[in-house]
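Worksheet: the structure to be examined is printed underneath.
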Amino acid sequence: YNTTEDFVEYYNGNEWRSTREINMAASGGTETTATISGVLYKIHTFTSSATLTVTSGGEIEFLIISGGGGGGCGTAGGGGAGGYRTNVSGQSSGGGSSAEGSLTLGVGSHTITIGAGGAGAITNSTDATNGGVSSIGSGSTQASGGGAGGEGNPNNTRRAGQPGGSGGGAWEYSGDSGGAGS
């Protein structure tokens, strides 16, 4: 019994832990730990798509950032930033909305998808592409990739900035607008 903290603890082989904690256990990505306001967090950072293997399920906090959109060529618009979502209490999620609700992961393998940045236009007759979507699990918790930048070309055809996590910019000489953010 920890008389300072006023609860029962157990030793897990590395440290003393509270028996009142609901612990989730998982492996995958680059794993680090941090103690914030007296709470020990295990952080899984993914910079490429991989698997999070959960051996003891529970609630997680998440931060998802998707790939940015590719920029147009020449005087075309820039690509939009990748989408952003989080459920960390006190933080804003995408579009300035409040933090999202809880997310519980059960025992098993969960695919973590990391969206790549969109391809930029190489010439003024090609289109840039949107950034890739990043997600946790089956994709219900995901952030949209950034919108591709607008493009114009010598054949007088054009494409507006595309919608995405943050919309792509408009082509300089067109009346088209930039893409909408999501």
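The values are calculated or read from the model by the stated rules, or taken from the named source; none is laboratory data. These figures come from a predicted structure and were not determined experimentally. Please note: Cβ atoms are built from the backbone with ideal geometry, for glycine as well, and neighbour counts cover all protein chains shown. These accessible areas exclude ligands, DNA and RNA; they are computed on the full protein's heavy atoms, side chains included. Shrake-Rupley method; radii C 1.70, N 1.55, O 1.52, S 1.80 Å.
Around the amide H of Ala26, modelled in the peptide plane, lie the amide H atoms of Thr55, all under 5 Å away and 5 or more residues distant in sequence or on another chain.
With the simple spin-label model, which puts each label point 7 Å out from Cα in the Cβ direction, the Asn2 to Met24 separation comes to 2.1 nm.
Extension gain for Val88-Asn14 works out to 23.9 nm (0.36 nm per residue, less the C-alpha to C-alpha distance).
For the range 80-150, just run the numbers: alpha carbon Rg, then divide by 2.2 N^0.38 Å, N being how many residues it has. Working shown, then result.
Numbers: Rg = 15.1 Å, N = 71, 2.2 N^0.38 = 11.1 Å.
So the Cα radius of gyration is 1.36 times the expected 2.2 N^0.38 Å.
The phi torsions of the range 47-56, fed into the Karplus equation with coefficients 6.51, -1.76 and 1.60 and a -60° offset, translate into couplings of 10, 8, 4, 6, 10, 9, 9, 9, 9, 9 Hz, rounded to whole numbers, with Gly and Pro shown as x.
Mind ranking 111-122, 87-98, 30-41 by how tightly packed they are, going by the mean number of other C-beta atoms within 10 angstrom, highest first?
Going by the mean number of other Cβ atoms within 10 Å, highest first, we get 111-122, 87-98, 30-41.
Calculated FRET efficiency, Ala99 to Glu31, Cβ-Cβ distance, R0 = 41 Å: about 0.95 to the nearest 0.05. In the context of the full set of protein chains, the range 71-135 has a per residue accessible area of 48 Å² (1.4 Å probe).
Val107 to Leu40: extension gain in nm, 0.36 nm per residue of separation minus the Cα-Cα distance?
Details: separation 67, 0.36 × 67 = 24.12 nm, distance 2.08 nm.
Stretched fully, the Val107-Leu40 segment lengthens by 22.0 nm.
Close amide H contacts of Gly167 (hydrogens built in the peptide plane, cut-off under 5 Å, sequence separation of 5 or more or a different chain): Gly147, Gly181, Ser182.
Rounded to two decimals, what ratio of Rg to Rh does the range 17-123 give with C-alpha atoms and a Kirkwood Rh? If you can, show how the numbers build up before the last one.
On the way: Rg = 17.4 Å, Rh = 16.2 Å.
Checking Rg against Rh, the ratio lands at 1.08.
Amide H to amide H distances under 5 Å link Ala119 with Gly70, Thr129, where only residues 5 or more positions off or on other chains count and H is placed in the peptide plane.
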